[in-house]
Amino acid sequence: MSSRDQILGKIEPLEPVQHPGVFTKASEGFDFIASLAVVGARVVSPSELEELFPGRRRFDKTMDGLSLADVEVLEIDGEFGVAENGAIWLTEEAMPHRVAPFICQHLVINVTEIVPTMHAAYARLGGVKSGFGLFLAGPSKTADIEQSLVVGAHGARSLTIVIRS
């Protein structure tokens, strides 16, 4: 008998597990602003944004191009925010380049719609026809085994959200 057969022969079959059933509804009592604070983002008003980043570059689809090498602060539009976790859905149509949210030093995202949960977010995405999209939650961060947190280690150092109506 080979080693492989010996090892596989020792595996005992697992007891069958019942399927939990069809998902029906998630809690909708989430606070978008509180979730953003947890992930390290801040929410400001349009006037506060002007004070924070007066020289920012705002990207829109009518721009001919944008050199990412010298973008300190980039302002883009998010499709919608998710109250459950503070994530914001971004598509390539809202960005000068797919790498833009990660290569700028400070990212500003305008949000006009907020859905309560990721389940609602995925339902909302049902009709999206973008070639590229992502959920972004907070500025980049990493931590080591000693729990030393570094914000902005490999992406934008800050994320500022403006909720517009």
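The values are calculated or read from the model by the stated rules, or taken from the named source; none is laboratory data. Owing to the predicted nature of the structure, the values given are computational and were not obtained by experimental measurement. Because the Cβ atoms are built from the backbone with ideal geometry, glycine has one as well, and the counts that use them run over all protein chains shown. In case anyone asks, the SASA skips ligands and DNA or RNA and just uses the protein heavy atoms, side chains included. Shrake-Rupley method; radii C 1.70, N 1.55, O 1.52, S 1.80 Å.
Brief remarks on what is shown
- Along the axis of the charge dipole computed for the chain (Cβ charges of +1 for Lys and Arg, -1 for Asp and Glu, origin at the Cα centre), the listed residues I109, H119, A41 are led at the positive end by H119.
- One compactness figure for the chain is 1.38, namely its Cα radius of gyration divided by 2.2 N^0.38 Å.
- For the range 39-51, Karplus couplings with θ = phi - 60° (6.51, -1.76, 1.60), whole Hz, Gly/Pro x: 8, x, 9, 10, 10, 10, 7, x, 5, 5, 4, 4, 6
- Debye intensity ratio in log₁₀ form over the Cα atoms of the range 98-165, taken at each q of 0.17, 0.18, 0.19 Å⁻¹: -0.80, -0.87, -0.94
- Proximal aspartates and glutamates to K129, defined as alpha-carbon separation beneath 12 angstrom and excluding residues fewer than eight positions away on the same chain: E92, E93
- Relative contact order for the range 1-127, counting Cα pairs under 8 Å that sit 6 or more residues apart, in percent: 26 percent
- Computed about its Cα centre, the charge dipole of the chain is approximately 220 debye, with only Lys, Arg, Asp and Glu carrying charge at their Cβ.
- Sorted peptide list for 19-29, 100-110, criterion being average Cβ within 10 angstrom, highest first: 100-110, 19-29
- Dipole magnitude of the range 65-147, debye to nearest 20 (Cβ charges: Lys/Arg +1, Asp/Glu -1, about Cα centre): 280 debye
- Carbon/sulfur fraction of accessible area - the chain, other protein chains in place, 1.4 Å, %: 54 percent
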